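Colleague: Have a look at this one before I ask anything.
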Amino acid sequence: MQSMKYILPALILASVVACSSEKPPIYEATPDSLYKGSLYYASSEYNCKSCHGTQWDGNGPEAKNLEKDGIKVPSFTDATPPEVTPVDYFKAMTVGTANTKTLPSGHAFQSHTDRGRWAMANFLYSLAPAVATKDQAKRQEAMTKAMEEAKQAYSESRRWNMGFVPLAERPKSPKLEDMKGYNPVPSQQ
């Protein structure tokens, strides 16, 4: 009964905070999003783990095949340059990189929602060791710039459309009968 004296006020406070606070932006790393990112990664057998591995070290079953093709699979547990941010990870998952454009998917995993890709980006980014003290100012500057870019993108749309052209804005397909070589099969009567 003594423990209820502490638990009940904590539950009330947590519910008040939960009810009164807004949801954080989709791109923000929260304990919940980091946890979900770890789950998305763990369940992505054909996406992430096959190349980056179950230990996030770039030694998945497909990594050796990619190395033969000249693609080095990065480890998420290695140090990253101070200019690298979670936005870079998100973009790599969304549209790929210069190194991955030859892959069948281009390393673009649009099957995951923006929220899912952000959760994975933030989780994977969190695995790298902290930058050296001398590079912390560069890292902070890069993070500020990158988060402003994300904030701007989401202020205009619920999705960050990087190179994606909405269906209504795409060029119309030609009519079938206007296509060269169109030869309709006569109907059988």
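Colleague: Using the Cα centre as the reference, give the magnitude of the dipole from point charges on the C-beta atoms of region 26-161 (Lys, Arg: +1; Asp, Glu: -1; all else neutral), rounded to the nearest 20 debye.
Modeller: Roughly 140 debye for region 26-161.
Colleague: With Cβ to Cβ distances under 11 Å as the rule, what net charge do the other residues near GLN110 carry (K, R +1; D, E -1)?
Modeller: +1
Colleague: Given labels modelled 7 Å from the Cα in the Cβ direction, how far is it in nm from LEU176 to GLU62?
Modeller: Roughly 3.5 nm, to one decimal.
Colleague: What FRET efficiency comes out for LYS138 versus THR97 if R0 is 25 angstrom and r is the Cβ-Cβ distance? Round to the nearest 0.05. Walk me through the intermediate numbers first.
Modeller: Details: r = 21 Å, r/R0 = 0.83.
Calculated transfer efficiency: 0.75.
Colleague: Return the lysines within reach of LYS134: Cα separation strictly under 25 angstrom, same-chain partners fewer than 8 residues apart disregarded; answer none if there are no such residues.
Modeller: LYS145
Colleague: A follow-up question, please. Efficiency by 1/(1 + (r/R0)^6): what FRET value for GLU169 and ARG115, r their Cβ-Cβ distance, R0 = 25 Å, to the nearest 0.05?
Modeller: Calculated value: 0.55.
Every read-out reported here was derived from the displayed coordinates using simple, explicitly stated rules and does not represent laboratory data. Everything numeric in this text was worked out from a predicted model, so none of it was measured. For neighbour counting, all protein chains shown are included, and Cβ atoms are generated from backbone atoms with ideal geometry for every residue, glycine included.
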